[in-house]
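Encoded as structure tokens, the structure appears first; notes follow it.
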Ligand code: IFM
């Protein structure tokens, strides 16, 4: 929590640190990063090397090296700047710094740091600004301003550095550092496994011509050394332009990188910065949520929204959102269920075209999901637990290791955690409900939903004695309990999808027979098969809430496990780094769960009675370790629903501050899982709009059921539903809704007992 008092500017648009803490290298590099969904550049200093966890992670560079895990590559660093004064090399970590500040400005998407640094006996003023252009996603721009107070020999080294931090192996071969015909530095390399060509080009502009310029080329580095004789009062302005393309982007990445670099230089730093500010203003027009009365919540929220934006490859319909975004290589740059359930809703209600892209990625990865189902002996589409570019399963069989013995642990994330498939199908249908985009369903969504329904049917076990369908050997959202039967979350999601699949089939028969026939031929679907889904939906085993306690077991036999709380388990650990889950972790034979499971289901469905929700919240909350960053948001959302205002706020802060206050483990069971927790970032938006404002879209009505935290005076945000846009402002006393003039149709609303409709341009104030 140490950043708290030293952290937020009073606009809530910036976070900063005023003290350097070398032991927090990993966390600080992540929280100060810039990015644009194509690449992520960590918030390290310009001189940083691999030991300081410098990284520029580029999407669509999945590669496997040294027989380790396939992951995104950290590409050669084209923004490295080192300098020395009278032969003394400057490092932020070693120099004496006064008035130091490192900052990220979300409003503009710009990172910066500055200080008065003492080096070689003189004070210099140093300031650096950096951004990854949102307008042109292959471009990084960095400006250094250095002011001198005394005479000295000054030397600058501008480099593309190829010695890189990598989690799983060295990804490159054929290093070709060099110089282009007009003097730009270039670094060409190729990835080990998939031979993806990576091209990085760097060039600079300086306000003062150097006295000498020298090229230095090493096996994995190319640099320009510029030397000066500086005098007191000199001010050097250095602008660096770095462009990155890969052969997965286009056929001639070197030419593209060079052309863009030259175009960028023609525009110059100021114009590019103006473009960047404009792009981010447009983004914030869509996504910003303004909170009045709580600066901490405001800044945390913007931090999270910013990271949900920069993790998302809006430029492509063929790339996943990584569980750690592009902040590092952890979790292999790949998608989990996080993508649909946590990251996507913010886009669905703010920029639905991007939500569509995200789901198209799942459409394009259907072949891999089918392959996985077949490999494991099932039919239909079984989506990967960790899904890379093609949707191939990236989750290794052995994920964690026993920290006491060093032995690998076989986790069944990749073969028992089946809920990812119905979660995707659930979201496809949700997308349709919110956007009304029936064409998407006809062209893509139906195939996803039918393929998932087919998988679920093939994966289920029919228990003839009980005349019901069951799922055996599961791993639900709570990852500490593997090999469980009838995980309620999974069974419920499956029933929902099977129901939707049957209804969808019927509607397609009525309205889109030609396309349905085509699809039936494509995936060999018959009406008899659909009948089996209907039967399964009807007979799938779902526990009923206990008539007295109203409790629902998370899975069969859950209540028979030892009833303890996480604090007790902590005392049983022999090593703090131990993994708590399957097969021998301290939680396995107890009721302690890693993360929201049943409670997460209540977030997705509105069909549960309040007394059932309340009873289960009260029961599961104290037994939840929140060992996953996905967990607190579900408790916050449900606490809002049942009127637990304080708990909602507590869990909201917990969820939003995972990265900023660095509260989650960076290493678990020996595996590096640091970096930005993008699911929690996406959930931040949900907690405000769907939690505190109580927004939902149901039966064509927009409903608000607000419960603002005590100290909040107002919350303002925008919404897009069925292509219509609305501005919402909520205070303790009233709710103001404005329908944009450009809306195409009226929209129905319900706020407590008030039901009304807003035509385009209309405004309504509802007294609360
Ligand atoms: O998908 C999650 C999972 O629910 C908990 N472990 C981490 C994964 C990636 O965020």
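Any residue that is surrounded by fewer than 20 Cβ atoms within 10 Å (Cβ to Cβ) and part of a strand (DSSP E or B) - is there at least one of those in region 401-408? Working first, answer last.
Taking region 401-408 as the starting set, the residues that turn out to be surrounded by fewer than 20 Cβ atoms within 10 Å (Cβ to Cβ) are 401-408.
From what's left, part of a strand (DSSP E or B): 401, 408.
Within region 401-408, one or more residues are surrounded by fewer than 20 Cβ atoms within 10 Å (Cβ to Cβ) and part of a strand (DSSP E or B).
Take region 336-356 and flag every residue that is within 11 Å of the ligand (Cβ to nearest atom) and in a loop (DSSP other than H, G, I, E, B).
Scanning region 336-356 gives 336, 337.
Given the residues 83, 32, which is the only one that is over 26 Å from the mean Cα position of the chain (by Cα), more than 13 Å from residue 325 (Cβ to Cβ) and modelled with pLDDT of 95 or more?
Values: 32 fails: over 26 Å from the mean Cα position of the chain (by Cα).
After applying the criteria, what remains is 83.
Kindly provide the set of residues from region 16-49 that are assigned to a helix (DSSP H, G or I) and in contact with a strand residue (DSSP E or B) (Cβ under 8 Å, 6 or more places away or on another chain), ordered by number.
Of everything in region 16-49, those that are assigned to a helix (DSSP H, G or I) and in contact with a strand residue (DSSP E or B) (Cβ under 8 Å, 6 or more places away or on another chain) turn out to be 28, 31.
Over 22 Å from residue 32 (Cβ atoms) and at pLDDT 95 or above: is that true of residue 116 in this structure?
no
Restricting to region 237-259, name every residue that is crowded, with 21+ Cβ neighbours inside 10 Å and out of contact with any helix residue (DSSP H, G or I) (no Cβ under 6 Å at 6 or more places or on another chain).
Scanning region 237-259 gives 238, 240, 242, 244, 249, 253, 257, 258.
How many residues are part of a loop (DSSP other than H, G, I, E, B), within 16 Å of the ligand (Cβ to nearest atom) and touching a helix residue (DSSP H, G or I) at 6+ places or on another chain (Cβ under 6 Å) when one looks only at region 610-648?
4
So, in region 461-485, of the ones that are more than 16 Å from the ligand (Cβ to nearest atom) and crowded, with 23+ Cβ neighbours inside 10 Å, which residue ends up farthest from the chain's Cα centre (by Cα)?
First pass over region 461-485, keeping only residues more than 16 Å from the ligand (Cβ to nearest atom): 461-473, 483, 485.
Those left that are additionally crowded, with 23+ Cβ neighbours inside 10 Å: 469, 471.
Working: 469: 35, 471: 30 Å.
Filtering first and then ranking leaves 469.
For region 569-594, which residues satisfy the criterion of being within 12 Å of the ligand (Cβ to nearest atom) and either free of Cβ contacts under 8 Å to residues at least 12 places away in the same chain or in contact with a strand residue (DSSP E or B) (Cβ under 7 Å, 6 or more places away or on another chain) (or both)?
579, 593 - these are the residues of region 569-594 that are within 12 Å of the ligand (Cβ to nearest atom) and either free of Cβ contacts under 8 Å to residues at least 12 places away in the same chain or in contact with a strand residue (DSSP E or B) (Cβ under 7 Å, 6 or more places away or on another chain) (or both).
Residues are listed down the side, and each one gets a yes or a no for (1) buried (at least 24 other Cβ atoms within 10 Å of the Cβ); (2) modelled with pLDDT of 95 or more; (3) farther than 26 Å from residue 487 by Cα:
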{"position": "608", "(1), (2), (3)": "no, yes, no"}
{"position": "642", "(1), (2), (3)": "no, yes, no"}
{"position": "653", "(1), (2), (3)": "no, yes, yes"}
{"position": "660", "(1), (2), (3)": "no, no, yes"}
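Tell me which of these residue 722 doesn't satisfy, since it passes every other one: (1) in contact (Cβ under 8 Å) with a residue 24 or more places away in the chain; (2) surrounded by fewer than 19 Cβ atoms within 10 Å (Cβ to Cβ); (3) touching a strand residue (DSSP E or B) at 6+ places or on another chain (Cβ under 7 Å).
Result: residue 722 fails condition (3) only.
Could you tell me which numbered condition residue 743 fails, if it satisfies all but one of (1) within 25 Å of residue 282 (Cβ to Cβ); (2) surrounded by fewer than 21 Cβ atoms within 10 Å (Cβ to Cβ); (3) within 16 Å of the ligand (Cβ to nearest atom)?
(3)
Scan region 307-335 residue by residue and report those that are touching a helix residue (DSSP H, G or I) at 6+ places or on another chain (Cβ under 7 Å), within 13 Å of the ligand (Cβ to nearest atom) and either under 20 Å from residue 426 (Cβ atoms) or without any contact (Cβ under 8 Å) to a residue 40 or more places away in the chain (or both).
Passing the criteria: 320, 321, 323.
Please verify whether region 373-380 includes one or more residues that are touching a residue at least 12 places away in the same chain (Cβ under 8 Å), surrounded by 24 or more Cβ atoms within 10 Å (Cβ to Cβ), away from the ligand (no atom under 16 Å from the Cβ) and over 20 Å from residue 658 (Cβ atoms).
No, region 373-380 contains no residue that is touching a residue at least 12 places away in the same chain (Cβ under 8 Å), surrounded by 24 or more Cβ atoms within 10 Å (Cβ to Cβ), away from the ligand (no atom under 16 Å from the Cβ) and over 20 Å from residue 658 (Cβ atoms).
Each row is one residue, and each column tells you yes or no for (1) at pLDDT below 95; (2) within 18 Å of residue 490 (Cα to Cα); (3) in contact with a helix residue (DSSP H, G or I) (Cβ under 7 Å, 6 or more places away or on another chain).
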{"residue": "371", "(1), (2), (3)": "no, no, no"}
{"residue": "377", "(1), (2), (3)": "no, no, no"}
{"residue": "390", "(1), (2), (3)": "no, no, yes"}
{"residue": "393", "(1), (2), (3)": "no, no, yes"}
{"residue": "402", "(1), (2), (3)": "yes, no, no"}
{"residue": "406", "(1), (2), (3)": "yes, no, no"}
{"residue": "420", "(1), (2), (3)": "no, yes, no"}
{"residue": "423", "(1), (2), (3)": "no, yes, yes"}
{"residue": "426", "(1), (2), (3)": "no, yes, yes"}
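Residue 757 passes all but one of (1) part of a strand (DSSP E or B); (2) free of Cβ contacts under 8 Å to residues at least 24 places away in the same chain; (3) surrounded by 17 or more Cβ atoms within 10 Å (Cβ to Cβ); which number fails?
(3)
Here are some conditions: (1) touching a residue at least 12 places away in the same chain (Cβ under 8 Å); (2) part of a helix (DSSP H, G or I); (3) more than 34 Å from the chain's Cα centre (by Cα). Residue 504 meets all but one. Which one does it not meet?
In the conditions (1) touching a residue at least 12 places away in the same chain (Cβ under 8 Å); (2) part of a helix (DSSP H, G or I); (3) more than 34 Å from the chain's Cα centre (by Cα), residue 504 misses (3) alone.
Would you kindly identify the strands (runs of 3 or more DSSP E) lying entirely within region 219-319 that contain at least 1 residues that are under 30 Å from residue 194 (Cα atoms)?
Answer list for region 219-319: 221-230, 235-246.
Among the candidates 686, 600, single out the residue that is over 30 Å from residue 766 (Cβ atoms), within 16 Å of the ligand (Cβ to nearest atom) and either at pLDDT 95 or above or in contact with a strand residue (DSSP E or B) (Cβ under 6 Å, 6 or more places away or on another chain) (or both).
Every option except 600 fails the conditions.
How about region 462-489: which of its residues are in contact with a strand residue (DSSP E or B) (Cβ under 6 Å, 6 or more places away or on another chain) and part of a strand (DSSP E or B)?
462, 463, 469, 470, 474, 484
Which of the numbered conditions does residue 651 fail, given that it passes all the others? Conditions: (1) touching a helix residue (DSSP H, G or I) at 6+ places or on another chain (Cβ under 9 Å); (2) more than 16 Å from the ligand (Cβ to nearest atom); (3) under 26 Å from residue 765 (Cα atoms).
Going through the list (1) touching a helix residue (DSSP H, G or I) at 6+ places or on another chain (Cβ under 9 Å); (2) more than 16 Å from the ligand (Cβ to nearest atom); (3) under 26 Å from residue 765 (Cα atoms), residue 651 breaks only (3).
The values are calculated or read from the model by the stated rules, or taken from the named source; none is laboratory data. Computed from a predicted model, the values in this text were never measured in an experiment. Quick reminder, even Gly has a Cβ in these numbers, built from the backbone with ideal geometry, and neighbours come from all protein chains shown.
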